[in-house]
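Take a look at the structure set out below.
What follows draws every value from the coordinates through simple rules; no lab data is involved. Remember, it's a predicted structure, so these values are computed and weren't measured experimentally. Neighbour counts run over all protein chains shown; Cβ positions are idealised from the backbone, glycine included.
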Amino acid sequence: MSGTFILALCLAVAAANAAGTKKLHPLPANAVILAFGDSLTFGTGAAPGKSYPAILEKLVSRKVINAGIPGETTARGLVRLPALLDKHRPSLLIICHGANDLIQGLGERQAADNIKEMIRLAGKHGAQVLLVGVPYPGRFNTQPPFYATITGEFNIPFARDALSKVLVDPSLKSDIIHPNARGYRMMAEAIAAVLRENGAF
């Protein structure tokens with residue numbers, strides 16, 4: 001076996017390994033992104049058109065549907081999601097959920113189980129998934145460990161700090177738990193960066 005052949009083989013393996021670090025397939029120009037969650041997705045605390053999904057749509061030049069419902073728990077979200085997947089047939093589902101479970105003391109295990117089922121549903125509908133980490137209420141620099149665990153289990157990209165870095169800064173908030181327009185823009189920019197890093201664009 002020649003040295004040239006061995007070198008070419010090593011380079012091919014290295015390229016394959018590098019490609020393997022990308023967790024998303026490229027999204028075509030006509031792809032639909034479904035932003036799913038509660039008031040943090042809806043955009044509570046900012047004017048219409050200033051939510052993170054609205055800003056993300058401009059940043060990535062893809063249609064982004066805002067499917068946020070204020071006050072929703074993961075249990076109610078899980079019931080709502082299948083119809084949205086059927087209707088919109090998204091190429092990508094962004095899940096930012098769990099805040100109301102934490103606020104209402106419904107338990108981290110329940111939230112984790114529901115989010116896992118959301119990811120499974122997305123897969124059955126052919127949608128890729130990005131998970132946004134949601135911090136503990138009042139402890140915005142920390143978040144339940146299940147978010148990181150889930151992303152490892154399903155090998156999906158994780159916007160770990162997209163929300164946390166906003167909520168620790170009072171100047172980026174409209175109230176104690178919601179970003180303002182500047183905060184939602186920062187959140188959208190962080191999510192767009194994770195999407196690009198993981199091969200979506």
field: 0 to 90° range, to nearest 10: angle between helix 74-88 axis and the chain longest Cα axis
entry: 60
- request: Excluding residues on the same chain fewer than 8 positions from K124, give the lysines whose Cα lies under 18 Å from its Cα.
  value: K23, K87, K116
message: Give me the one-decimal nm value for the distance between modelled label points at A29 and V79, 7 Å along each residue's Cα-to-Cβ direction.
response: 4.2
task: Please name whichever of A29, I55, G123 sits farthest to the positive end of the charge dipole of the range 3-197, dipole taken about the Cα centre and charges placed at Cβ: Lys and Arg +1, Asp and Glu -1.
output: A29
query: Top mean-square fluctuation among A75, A111, A99, Gaussian network model of the chain, C-alpha springs under 10 Å?
result: A75
query: How large is Rg/Rh for the chain, to two decimals, with Cα atoms and a Kirkwood Rh?
result: 1.04
- request: Any chance you could run the full-extension gain for R89 through A193? It's 0.36 nm times the residue separation minus the Cα-Cα distance, nm to one decimal.
  value: 35.1 nm
query: What FRET efficiency would be calculated for the residue pair D113, R182, taking the C-beta separation as r and a Förster radius of 35 Å, to the nearest 0.05?
result: 0.55
query: How many angstrom lie between the C-alpha centres of the range 164-201 and the range 95-162?
result: 16
field: Partners for K22 among aspartates and glutamates (Cα-Cα distance below 15 Å; same-chain residues under 8 apart left out)
entry: E197
query: Given R₀ = 22 Å, FRET efficiency for A148-L106 by Cβ-Cβ distance, to 0.05?
result: 0.65
query: Using a ≥ b ≥ c from the Cα gyration tensor of the range 104-197 (square roots of the eigenvalues), is it rounded, prolate or oblate, where a/c under 1.5 gives rounded and otherwise the larger of a/b and b/c decides, a/b for prolate?
result: oblate
